[in-house]
Ligand code: IVH
C-alpha cells in the first residue's frame, strides 16, 4: 500500500501491523527484516498520523510503548486465577517422589508424559488480552493480588501489543527477565556514568519492572517468556501444555526454544542434564527446570496442594550465587609481577563447590565495587566463568569494616610495587629475585600447552623454589632423583616419574618452547606464527623489529616486547641454559612459501554446530592450513564455516556476500574429505 492512496485510519492500521511485525522479527526471532533507518521512517510516519488524527490513536500502537507519564503509585490487580508457586525438587529422590505421586494420582500404568522447560530466574507476570488487544499487565504480588505494571510492560518489545485472537479474554503468564547481554551492557553504561552497578540480571529486571516512570523502564531492556495461561474466556484451548506453548508461539509470544517433552523419570533426568550443560550458554539466567504433566485434563485431576500444583515441580540447579563474608584481601604476584588482589572469603557452597577465594582483578575494581574488609558480599560462580565477588551488600556493613590498602612492597620479595601511569595493574619490580615470579614462570613453562611436564604442579614448584633446589626453568633439566626425593611427600617412585617427565619434555617444538618462555604478549598463537615465519630460534632472537613486524598479527607492541625480551642479557642466558639442558626441536626453513592453500592468510568465522567436527577441531584444522579464525563477521571475513543452528553470523555473511562453506566443502577444500 502506498502512503498516499489510503485513508488515515487504514494507513495507521497498516503501519501498526507492519511495525509490530518488524519488531517481532527483530526482538523475538532475532532476524531483522528491515534496516533500522526504514523502521524509524515507518515509526515516525505512524506517530505523525496519530498526532494529526488522535481519534485513531489506540493503546496497542507501537508508538505507545514509550513515553507514558510517570505514575504516583501502582494500582492493585486481583488475579482472576491465582498465580501459584511451585514445589521444589533438589535431589533425584525428590524427583522420583514427584513422579510417583503423579502416577498414583492418575492411576497411570506406564510412564507419564511431561512438558519440560527452563525455570527462568526473573519475575512472574500476567498479561491480559481482550479481543486481541493487550489491556493489562500485572506482577504476581502475593499470588492473589498483584500490581498493575501495564505501562512498564508496554515498553518490553517482545510482548505483543495486539495478537491475532478474538478470545473475549486471554491471560498469558510468564516471566520478565533481563538477557545476560543486556544486563552486561546496562552495567557497562552504569559504570561509565559512575552509577551503582546491578548485582545480577534478576535484580536489574526487578528494579526496572517496578519503576513508576515508564521512560526509565524503557531504557532498561527487559525480555519476556511465556510459560502458561491464566483466565481464558471465549475460545477452546489445545489439550496439552506443549501444544498450548506451540499455540502461544504461533500467536507470536516468545516461548522458550529449550522446551521439550519427556517420559518418566529417565526422560526428566535426561532433560535436566542436557539443560544443565547448556545453562552457561543460554542467553538468560535459569535456576532449574520445570516439569509439568503434559495433558491438561491430567493436570486438573491432580489438582493443587495449598498454593502449589501437584502436577508440576521445579527441579533446581545448584545456586550460582550466595552471600558470605569478606574476611580479608590478600595480594598475589603473577609471572610478570602483576599484583592481583584476591578476596579471602568465609567458605560458602555455591555453583556446586565450596568457594573460599575469588580474584578481585585490580585496585580499581575493588573501588568500583565499593568493597570493604568485613563486608557481606554476593559471590557468583557460573559455568566456566571465573568465580567473582559480584557485589557488596552495603546495608550489612559492620562498624569495623576496613578499606583495602595496596601494599607498597611485594609480600614475596620485598621489592617496591609500582603502578605506571595509565595502567590498571600494579607490579612488583623484583623480577628474577622475586620467588613468586620465578614460581609462576616455571609453572607457565611447564604447563601442558608449553613444555608439558606432567606432574609438575604448584605445590611442587613452591617447594623446589622455596628450598632453593631450583632457581629457574633451566635448573629443572639438571635435577637428580636424590634432590627430589628429599622433598616433602615425594617418594622415590614419584621422583623418578618426574625426572622421566622432564626428560620427555626435552623433545618439543619451537612453538611450545617460545610460548613457554613467557614473553609478554606472546601467547600460543603468536608463538606459532613466529615459529612458522622464522623456522629457527636464532632467526627470531636476532630479528630486527622490521622483520618481526612482517609476521602475521604482530604489531608494534608485540614486536617491541619480543625485541626487549631478547635484548635482555639474562634472558639470552636463560635460553642458552635451557638449550644446554638438552631441549631440542626440529628447526626448519621459514615456512611461509611452503604453506600455500585455499586458506592461507584467510580470515574464517565459525558458526553453528558442524556434523562431525568440534569447534576446537575445526579451528585447529583451519589454523594448521594458515587461516586466522575470527569471532565476528565483517567485510574482512573471507569464509564462514557454518553448521546447524547457525544464527546471526550466517545472516550477516549472506548480507555481505561472503562465501559460506559447510563441513563437506571445507573438508574437500582442505583435501581431507572423508570417504566413509
Ligand atoms: S509455572 C502453576 N513455569 O517460578 C505453576 N513457573 O515457583 C505456575 N517460573 O512464580 C508456574 N520459570 O515466576 C512456571 N517455566 C516456568 C517457570 C516458572 C520460572 C517461576 C514463576 C513462579 C515461580 C514458581
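The values are calculated or read from the model by the stated rules, or taken from the named source; none is laboratory data. As the structure is a computational prediction, the values presented were derived from the model and not from experiment. Positions of Cβ are backbone-derived with ideal geometry, glycine not excepted, and every protein chain shown enters the neighbour counts.
Points to keep in mind about this one:
- Some residue of the range 349-365 being farther than 30 Å from residue 222 by Cα, in contact with a strand residue (DSSP E or B) (Cβ under 7 Å, 6 or more places away or on another chain) and free of Cβ contacts under 8 Å to residues at least 12 places away in the same chain: yes
- Taken together, the residues in the range 66-94 that are more than 16 Å from the ligand (Cβ to nearest atom), surrounded by 12 or more Cβ atoms within 10 Å (Cβ to Cβ) and part of a helix (DSSP H, G or I) amount to 1.
Quick grid of which residues meet (1) closer than 30 Å to residue 28 by Cβ; (2) under 21 Å from the mean Cα position of the chain (by Cα):
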| site | (1), (2) |
| --- | --- |
| 263 | yes, no |
| 267 | yes, no |
| 273 | yes, yes |
| 293 | yes, no |
| 309 | yes, no |
| 315 | yes, no |
| 338 | no, no |
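- Filtering the range 260-294 to residues that are more than 19 Å from residue 88 (Cα to Cα) and buried (at least 20 other Cβ atoms within 10 Å of the Cβ) leaves only 284.
- Among the numbered conditions (1) closer than 22 Å to residue 112 by Cβ; (2) over 30 Å from the mean Cα position of the chain (by Cα); (3) not in a helix (DSSP H, G or I), the only one that residue 299 does not meet is (3).
- Lone unmet requirement of (1) part of a loop (DSSP other than H, G, I, E, B); (2) under 29 Å from residue 636 (Cβ atoms) for residue 589: (2)
- Residue, surrounded by the fewest Cβ atoms within 10 Å (Cβ to Cβ), within the range 167-197, restricted to residues that are away from the ligand (no atom under 16 Å from the Cβ) and closer than 21 Å to residue 140 by Cβ: 169
- Flag if residue 236 is within 30 Å of residue 385 (Cα to Cα) and either surrounded by fewer than 20 Cβ atoms within 10 Å (Cβ to Cβ) or modelled with pLDDT of 95 or more (or both): no
- Residue in the range 448-466 that is in contact (Cβ under 8 Å) with a residue 40 or more places away in the chain, closer than 26 Å to residue 523 by Cβ and in a helix (DSSP H, G or I) present: no
- Scan of the range 7-55 for residues that are touching a helix residue (DSSP H, G or I) at 6+ places or on another chain (Cβ under 7 Å), farther than 30 Å from residue 283 by Cβ and without any contact (Cβ under 8 Å) to a residue 24 or more places away in the chain, ordered by number: 47
- Test result for residue 128, away from the ligand (no atom under 16 Å from the Cβ) and in contact with a strand residue (DSSP E or B) (Cβ under 9 Å, 6 or more places away or on another chain): yes
- Checking every residue in the range 207-228 against the condition of being more than 22 Å from residue 318 (Cβ to Cβ), in a loop (DSSP other than H, G, I, E, B) and within 16 Å of the ligand (Cβ to nearest atom) gives at least one match.
- Qualifying residue in the range 444-453 (condition: more than 31 Å from the chain's Cα centre (by Cα) and modelled with pLDDT of 95 or more): yes
- Verdict on residue 533 being modelled with pLDDT under 95, surrounded by 14 or more Cβ atoms within 10 Å (Cβ to Cβ) and assigned to a helix (DSSP H, G or I): yes
Per-residue answers, yes or no, for (1) in contact with a strand residue (DSSP E or B) (Cβ under 7 Å, 6 or more places away or on another chain); (2) away from the ligand (no atom under 14 Å from the Cβ); (3) farther than 26 Å from residue 206 by Cβ; (4) free of Cβ contacts under 8 Å to residues at least 12 places away in the same chain:
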{"position": "108", "(1), (2), (3), (4)": "no, yes, yes, yes"}
{"position": "117", "(1), (2), (3), (4)": "yes, no, no, no"}
{"position": "124", "(1), (2), (3), (4)": "yes, no, no, no"}
{"position": "149", "(1), (2), (3), (4)": "yes, yes, no, no"}
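- Each residue in the range 244-258 was checked for being within 14 Å of residue 20 (Cα to Cα) and touching a helix residue (DSSP H, G or I) at 6+ places or on another chain (Cβ under 7 Å), and 2 of them qualify.
- Among the residues of the range 261-294, those that are within 15 Å of residue 313 (Cα to Cα) and within 13 Å of the ligand (Cβ to nearest atom) comprise 271, 286, 287, 288, 289, 290, 291, 292, 293.
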